[in-house]
Amino acid sequence: MRRGTRLLRSVRTRLAFWHTGVLALVLVAFTAFTWAYLQRLTQDRVDRSLAEAVRSFHQAVITEARANRNPDEAAKDAAREFRFSGRRVLVYGAYHSLVAVSDSSSDDLTQAISAIDRADDSPIHPLFAALAPGRSAYATIRNGHDLIRSYATSVRVADQEFTIVALQVGQVERTVLGNFMQAVLVAIPLALVLAGVGGYFLARRSFAAVVDMGRRASSIDSESLDARLAVRHTGDEMDELASVFNDMLSRLERSFVQQRQFMADASHELRTPIASLRAEASVALSQSRTTAEYERSLVHMRDEARRLSAIVDDLFTLARLDAADGALERHEFFLEELLLESVSRIRPLATDRGIALTFHPTVEARCCGDPLLIDRIVTNLLDNAIKYGSPGNAVLVELETSRGCHVVRVSDDGTGIPADAQARVFDRFFRADAARTRTAATGGAGLGLSIAWRIARAHGGDLTLTSSGEKGTVFTLTLPAIPAASASVA
Ligand SMILES: Nc1ncnc2c1ncn2[C@@H]1O[C@H](COP(=O)(O)OP(=O)(O)O)[C@@H](O)[C@H]1O
Ligand SMILES: [Mg+2]
């Protein structure tokens, strides 16, 4: 039990782990996607506004140039008047010489990028490298720890070449992304902890029913097979499990009860002849008797011993059939021959009782199985038909083959089996009229039909009570036939 709970606990933990792990994967993937998307969006916005800044600056330079004709001066004037928060514009002339800088406070950035004409490793170099004459280009340039987005375009103002460069210097966009990342870094672990704890408790709740079932099941043994697991009627899988388990318990209980009943019946059945033997012997020995008296006693004792050995034999056969469960000695034989033999063996008994026993084989019926056991079925059916019939009656045996089966019908015109007993004739130790049959000389122990049924089933066939009433009783035995093709090969 404790092991069971430990196992469940680990299932719960594993479930919680899996649950959290999957959620973590989803969240990370989602964050990565959102991050990429946001970055892309931000960059597009920055790029557009840089291009816009360059365009309007270019316009301003053209306007200035018209006013004072010197393009360099025009660029410087335009730069002085350039107001674009977070953007800076630089104008380069021939040979990458810096002509003008907007908002020209000489900060680190300005110094770094204005060194383009002096150093090859100037941070703005990649931008110029990407710029084809007469075209424009974007580049991300590095200045210390900062990444700066830049846009450059070559323009011509009054026959003079200029390269206008716009830089995004403000940190606005970076801050948006940074905030997003900060929020995500707090939110994801929090969500994972919540999901993990929540998942664990959810799993614990769901498995509580299983733990409870385990506890109850562990206390059930052969003495308490009538106990059942609680079904909560929630219609969920746990309920289904409990029902399945309860059904299994019911089946076990039934077979246990049957087993016990069988033991009780068997010992009861054996006790009667043994008691009779002992009594007979005691009476015979109590005083000296004549030879005729001894003889009578011995005959009685022999009959009782026969009865006893017949019961023991039946019990043994049943036990063997139960144990073998399909593993029979099988060989091929002809069913009509077997029936002929059985009928002729029993005919004297029928004749004795004034009963006509008839069998006319018309077909050849190949069968596979244990002929001794099949003979036992037939003998039992004939024995019953004769035993429970009245003198002057007739017993008919018929054999036919249809749909891959041999069908043997044994019918008599006796008084039949009482309706309320018909369902139980195949039960072990069942006798429709126990008082009458037990005292009768031929009375069996009520095992005959149950053995016959068991044998038929073990051969893949069946034995049924087809009809029983005032006009008589019909039992039908079905056995699988050997297909003609394989029969001819054999
Ligand atoms: N042909 C039959 N006609 C009337 N009753 C029958 C017939 N066959 C079986 N029965 C009833 O079914 C009971 C069970 O039969 P069986 O198992 O062969 O036990 P047994 O013959 O030892 O009594 C019999 O006791 C009898 O009452
Ligand atoms: Mg019988």
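Filter region 346-391 for residues that are among the aliphatic types (A, V, I, L, M) and assigned to a loop (DSSP other than H, G, I, E, B); which is nearest to ligand 1 (Cβ to nearest atom)?
Filtering first and then ranking leaves 355.
Determine if region 320-330 includes at least one residue that is outside any helix (DSSP H, G or I), free of Cβ contacts under 8 Å to residues at least 60 places away in the same chain and surrounded by fewer than 12 Cβ atoms within 10 Å (Cβ to Cβ). Explain how you work it out, then say what you get.
Restricting attention to region 320-330, the residues satisfying the condition of being outside any helix (DSSP H, G or I) are 325-330.
If we keep only those that are free of Cβ contacts under 8 Å to residues at least 60 places away in the same chain as well, we get 327, 329-330.
Add one more test, that the residue is surrounded by fewer than 12 Cβ atoms within 10 Å (Cβ to Cβ), and what stays is 327, 329.
The answer is yes, given that some residue of region 320-330 is outside any helix (DSSP H, G or I), free of Cβ contacts under 8 Å to residues at least 60 places away in the same chain and surrounded by fewer than 12 Cβ atoms within 10 Å (Cβ to Cβ).
If you go through region 165-176 one residue at a time, do you hit one that is touching a Gly at 6+ places or on another chain (Cβ under 6 Å), assigned by TED's automatic domain parsing to the domain that holds residue 99, under 30 Å from residue 57 (Cβ atoms) and not β-branched (Val, Ile, Thr)?
Looking through region 165-176, at least one residue is touching a Gly at 6+ places or on another chain (Cβ under 6 Å), assigned by TED's automatic domain parsing to the domain that holds residue 99, under 30 Å from residue 57 (Cβ atoms) and not β-branched (Val, Ile, Thr).
Of the conditions (1) closer than 30 Å to residue 272 by Cα; (2) more than 8 Å from ligand 1 (Cβ to nearest atom); (3) in contact with an Asp or Glu (Cβ under 7 Å, 6 or more places away or on another chain); (4) at pLDDT 90 or above, residue 473 clears all except one; give me its number.
Result: residue 473 passes all but (2).
Out of curiosity, is residue 167 modelled with pLDDT of 80 or more and in a helix (DSSP H, G or I)?
Judged against the criteria, residue 167 is not a match.
Taking only pairs six or more apart or across chains, which ones have beta-carbon atoms under 6 Å, a first residue in region 376-401 that is closer than 17 Å to residue 352 by Cα, and a second residue that is within 11 Å of ligand 2 (Cβ to nearest atom)?
Close Cβ pairs satisfying both conditions: 387/442; 395/385.
What pairs come out if I take residues in region 243-268 that are hydroxyl-bearing (Ser, Thr, Tyr) and pair them with residues that are surrounded by 11 or more Cβ atoms within 10 Å (Cβ to Cβ) whose C-beta lies under 7 Å away, six or more apart or interchain?
Here the result reads 243/231, each pair linking region 243-268 to a residue that is surrounded by 11 or more Cβ atoms within 10 Å (Cβ to Cβ).
Could you check, for region 226-242, whether at least one of its residues is modelled with pLDDT under 90, surrounded by 12 or more Cβ atoms within 10 Å (Cβ to Cβ) and of a type in the set (S, T, N, Q)?
No, there is no match, as no residue in region 226-242 is modelled with pLDDT under 90, surrounded by 12 or more Cβ atoms within 10 Å (Cβ to Cβ) and of a type in the set (S, T, N, Q).
Of (1) of a type outside the set (S, T, N, Q); (2) modelled with pLDDT under 90; (3) part of a helix (DSSP H, G or I); (4) within 47 Å of the chain's Cα centre (by Cα), residue 307 satisfies all except one. Which?
The number of the failed condition is (4).
Got a sec? Which of 92, 138 is modelled with pLDDT of 70 or more, under 15 Å from residue 167 (Cα atoms) and surrounded by 19 or more Cβ atoms within 10 Å (Cβ to Cβ)?
When all the criteria are applied, what remains is 92.
Among the residues of region 270-297 satisfying the criterion of being surrounded by fewer than 14 Cβ atoms within 10 Å (Cβ to Cβ) and charged (D, E, K, R), which is nearest to residue 315 (Cα to Cα)?
271
Give region 22-55 a look and list any residue that's out of contact with any Phe, Trp or Tyr (no Cβ under 7 Å at 6 or more places or on another chain), closer than 30 Å to residue 199 by Cβ, touching a residue at least 24 places away in the same chain (Cβ under 8 Å) and among the aliphatic types (A, V, I, L, M), or say none.
Of everything in region 22-55, those that are out of contact with any Phe, Trp or Tyr (no Cβ under 7 Å at 6 or more places or on another chain), closer than 30 Å to residue 199 by Cβ, touching a residue at least 24 places away in the same chain (Cβ under 8 Å) and among the aliphatic types (A, V, I, L, M) turn out to be 23, 24, 27, 28.
Of the residues 395, 407, 343, only one is part of a strand (DSSP E or B), over 18 Å from residue 478 (Cβ atoms) and touching a Ser or Thr at 6+ places or on another chain (Cβ under 9 Å); which?
395
The values are calculated or read from the model by the stated rules, or taken from the named source; none is laboratory data. Everything quoted here is computed from the prediction, not taken from an experiment. Quick reminder, even Gly has a Cβ in these numbers, built from the backbone with ideal geometry, and neighbours come from all protein chains shown.
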